[in-house]
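J.: Below is the structure I would like to discuss, written out as structure tokens.
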Amino acid sequence: MHDFCFTIPYGLLLVGGGVFGYFRKGSTASLFGGAGIGLLLTLAGYLSLQAFHKKKNSYPALILQTVCAATLTWVMGQRYLQTSKIMPAGVVAGLSVVMTGFYLYKIATGGNHIAAKTK
């Protein structure tokens, strides 16, 4: 499975959560944090997709995805430990830890595997 297959939906989910948090509670932290990181992840996923179309790996995008997911794991994990609220801190921390593991796996296995051209 390619990283962009999960990164783009993950980023869009974070954008949606940030916007939802802003409109529901007026939280600018949700808006800038969720939507900001979400847009950054979506952009990284898009760059990875474009590199894949060119039959190349995009290690900078993969590293950016890993850093974003690991940062969210740490920040939202700390928030969950302080508040014990499943939504949104626990859910985002749990999803982010899974995504961080996925990205580390992709880095360890050489990124997106490009199929060799068959004749």
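J.: What distance in nm separates the simple spin-label points at Ile63 and Arg24, each placed 7 Å from Cα in the Cβ direction?
T.: It works out to 3.6 nm between the two label points.
J.: Taking a ≥ b ≥ c as the square roots of the eigenvalues of the Cα gyration tensor of the chain, is the shape rounded (a/c under 1.5), prolate (a/b larger than b/c) or oblate?
T.: Prolate, because a/c is 1.5 or more and a/b exceeds b/c.
J.: Just the accessible area per residue of the chain, please: how many Å² with a 1.4 Å probe?
T.: Heavy-atom accessible area per residue stands at 62 Å².
J.: What residue among Leu49, Leu95, Leu40 has the largest mean-square fluctuation in a Gaussian network model of the chain, using Cα springs under 10 Å?
T.: Looking only at Leu49, Leu95, Leu40, the largest GNM fluctuation is found for Leu95.
J.: Given the options Ser84, Ser30, Ser58, which has the most mean-square fluctuation in a GNM of the chain, springs set between C-alpha atoms less than 10 angstrom apart?
T.: Highest fluctuation of the listed residues: Ser84.
J.: For the stretch 50-68 and the stretch 96-119, what is the separation of their C-alpha centers, rounded to whole Å?
T.: The stretch 50-68 and the stretch 96-119 have Cα centres spaced 10 Å from each other.
J.: With the chain treated as a Gaussian network of Cα nodes joined by springs under 10 Å, which of Val92, Val15, Val67 yields the largest mean-square fluctuation?
T.: Val67
J.: OK, next. State the percentage of accessible surface on the chain attributable to carbon and sulfur atoms; use a 1.4 Å probe and exclude ligands, DNA and RNA. If you can, show how the numbers build up before the last one.
T.: On the way: 5190 of 7390 Å².
For the chain, the apolar C and S fraction of the accessible surface comes to 70 percent.
J.: Turning to a different aspect of this structure: Report the gain in length on full extension from Gln78 to Ala108: 0.36 nm times residue separation, minus Cα-Cα distance, nm rounded to one decimal.
T.: So the chain would gain 8.1 nm between Gln78 and Ala108.
The values are calculated or read from the model by the stated rules, or taken from the named source; none is laboratory data. None of the values given here were measured: they were computed from a predicted structure. Neighbour counts run over all protein chains shown; Cβ positions are idealised from the backbone, glycine included. Note: accessible area is taken over every heavy atom of the protein model, side chains too, but ligands, DNA and RNA are not part of it. Shrake-Rupley method; radii C 1.70, N 1.55, O 1.52, S 1.80 Å.
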